[in-house]
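Notes follow the structure.
Please treat every number below as a calculation from the coordinates, not as lab data. What you are looking at is a predicted structure, and each value in this text was computed from that prediction instead of being measured. A quick note on method: Cβ atoms are made from the backbone with ideal geometry, for glycine too, and the neighbour counts reach across all protein chains shown.
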Amino acid sequence: MRAEQISVFLENKAGRLAEVTGILSDAKVNIRALALADTSDFGVLRLIVDSNEKAVEALKNRGFTVGRTDVLAVEVEDRPGGLHRILDMLNEADINVEYMYAFVQHSGKNAVMIFRFDNIDEAVKVLEKNNVKVINGSEVYTL
Amino acid sequence: MILDIGFETMPREDLEAIILRRLKATIDRVYANVPFYRKKFEENNITPNDIKSLEDLKRIPFTTKDDLRDNYPFGMFAVPMDNVVRIHASSGTTGKPTVVGYTARDVNTWAELMARSLAAGGANRGDIIHNAYGYGLFTGGLGVHYGAEKLGASVIPVSGGNTKRQIVIMKDFGPTILTATPSYALHLSEVAEEVGVSFKDLKFKYGIFGAEPWSEKMRDEIERKLHIVAVDIYGLSEVIGPGVAIECHEAKKGLHVFEDHFIPEVINPSTGEVLPYGETGELVFTTITKEAFPVIRYRTRDITSLNPEPCICGRTHIRMNKVSGRTDDMLIIRGVNVFPSQIESVLMEMEEVEPHYQLVVDRDGNLDTLTVLVEVGERLFSDEVKRLQDREKKIAKNIKDYLGVSARVKLVEPKVIARSEGKAVRVIDNRKI
Ligand SMILES: [Zn+2]
């Protein structure tokens, strides 16, 4: 059910993001989704890639600090109110979304979004109860 | 192991009699042979005959690093150059280096003290010592080297640098004792990890680390990452080099000063007053056996305190606590005295913080600003920006609570803070005063 996201600590300096994408490209890692959250000093780059092992090894070898986090890839209906409906049901169930970002690829007719929850198990239950499709990790990497 | 049972466990009374005898002989010699000391004595109306007890040492004025510089290069030598067989120098970060000399007997004394030190730190005949202290004018490399040979251990004179080759040697030669600066020891463990070598699989048992101040937390970190027992060794070239004081691996609680060769005192750095045992101040040394380069009441600028309590290892020599800073490292930030070691202690108290930090001091208008750069390792990292910001704030708050000074904390990527060779650069002071 869960997908694994990798995250990378970056200083807020010109060229750091390109350095990471360059390392991943050299390691033949394909980036499926990416989001950068930053402050004036530093940023955290979050990535869904097709091979976490290769990506983590390549980045660590180059001295980056890398973390792994479980996230959910959720199908969101590609129509007005599609995302709202999901956020609403999570809110109703008192489940906090730490952050989320969009996936490049669609799953059939639907958009895909990556959600990071504090309580991932509860989130899965709520989503499934409401017939929202959570995409399997293994599928996400190759979507 | 106690190498020299006779001297190292000598009853205090006998030891003090020897110290006094040797002190008097040293005073006689410097008075006769070193114009600098004779002049100082004369200016203060003291003659060697006035030194009748160890208490009388207090009457003699201090010797400072500036005095050594003024007599650059050989002016403080107490023997003719014919009798000097070795010269070392410590790099001066400002101005001229400090030059020291050794007679053949001094070299032998030093080797014996280093052999004692290595033994106290867990080494023995049959051990293989991986000596990653730099060889050259710096006393670290050769000091350990001669001591290791004196002890009868095998020494690998690998020196500093070329870390990946060092990892290969560590794997292939199976050294059992590591000697290095503590920051280089951590660097070795990082590089080992990068190339897929685990210290768990190496044969190291003990590590003997010195040449820069390091904290108890850093000791924990080294012991955990290198799977060894880590002890602190102290020395400075002006006194003899490494081997002035050593922690016994049994207690790991303060460094025994080899009092049959060196007299330690702790003074108030501002007033020069000698402080009682237990009080923290500047460490001062008088050498009592050295021939070529004796020093009388030399101010080391190192901050520590002395502990006369008996030790579980059986040595009777007094212990100095781990050096907690340098009087010349002291930063005055908006009127508050700050030692980098205090910041280090605050960081090390925090579970998730790695011991890699750097202090940057700037002057913004008329206001001093302190920025603490902290490397983000895996324990400190989070995928949530909010958490990282909370950690920054927590570090800043702890610094403010413990030191009373406001600091801006900035998280940086690993290895931004240079430390690959020798000593880590802990302070960058950009103030132009
Ligand atoms: Zn002891």
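General observations
- Cα centre as origin, Lys/Arg/Asp/Glu Cβ charges: segment B:176-303 dipole, Debye: 220 debye
- Compared with the alpha-carbon gap, the fully stretched path from B:S406 to B:K393 is longer by 3.6 nm at 0.36 nm per residue.
- Only Cα sites of segment B:195-305 enter the Debye sum here, all with the same form factor; the resulting log10 I(q)/I(0) across q = 0.09, 0.17, 0.24 1/Å is -0.30, -0.86, -1.35, listed in q order.
- Applying the criteria of a DSSP loop state and at most 15 other Cβ atoms within 10 Å to the trypsin sites (Lys or Arg not before Pro) of segment B:261-364 yields B:R334.
- Label-to-label distance for A:E19 and B:D28 is 6.5 nm, based on points extended 7 Å past Cα in the beta-carbon direction.
- Extreme residue, positive dipole direction of chain B, given options B:L188, B:I303, B:A148 (C-beta unit charges): B:L188
- Each residue of segment B:1-154 gets 135 Å³ once the volume of the Cα convex hull is shared out per residue.
- Chain B: antiparallel DSSP beta bridges as a percent of all, rounded to 5: 60 percent
- FRET efficiency for A:R68 and B:H227, using Cβ-Cβ distance with R0 set to 30 Å, rounded to 0.05: 0.70
- Rounded, prolate or oblate (a/c below 1.5 giving rounded, otherwise prolate when a/b exceeds b/c) for segment B:1-58 by Cα gyration tensor: prolate
- The dipole here belongs to segment A:70-140: it is taken about the Cα centre, uses +1 on the Cβ of Lys and Arg and -1 on the Cβ of Asp and Glu, and is about 300 debye.
- Charge dipole (chain B, unit charges on Cβ, about Cα centre) - positive-most of B:N162, B:Y206, B:N321: B:N162
- Dipole of the protein assembly as shown, positive end: most advanced residue of B:T369, B:Y31, B:P294 [Cβ charges, Cα centre]: B:Y31
- In straight-distance terms, cross-link reach from B:K52 covers every one of the lysines whose alpha-carbon lies under 30 Å from its own, apart from those fewer than eight places away in the same chain; here that gives B:K24, B:K39, B:K40, B:K65, B:K290.
- Of all DSSP bridge pairs formed entirely within the protein assembly as shown, close to 75 percent run antiparallel.
- Estimated from the Cβ-Cβ distance and a Förster radius of 22 angstrom, the FRET efficiency linking A:L36 and A:K109 is about 0.20.
- The Rg/Rh ratio for segment A:1-132 is 1.00, where Rg is the radius of gyration of the alpha carbons and Rh is the Kirkwood radius.
- For the pair B:K200 and B:R431, the difference between a 0.36 nm per residue extended length and the Cα-Cα distance amounts to 78.7 nm.
- Volume per residue that the Cα convex hull of chain B spans, once the total is divided by residue count, Å³: 145 Å³
- Value of Rg to Rh for segment B:147-201 (Rh from inverse mean 1/r over Cα pairs, i.e. Kirkwood): 0.96
- Only DSSP H runs of four or more residues enter the estimate; each adds -39500 (n - 2.57), and after division by the residues of the protein assembly as shown the mean residue ellipticity at 222 nm equals -9500 deg cm²/dmol.
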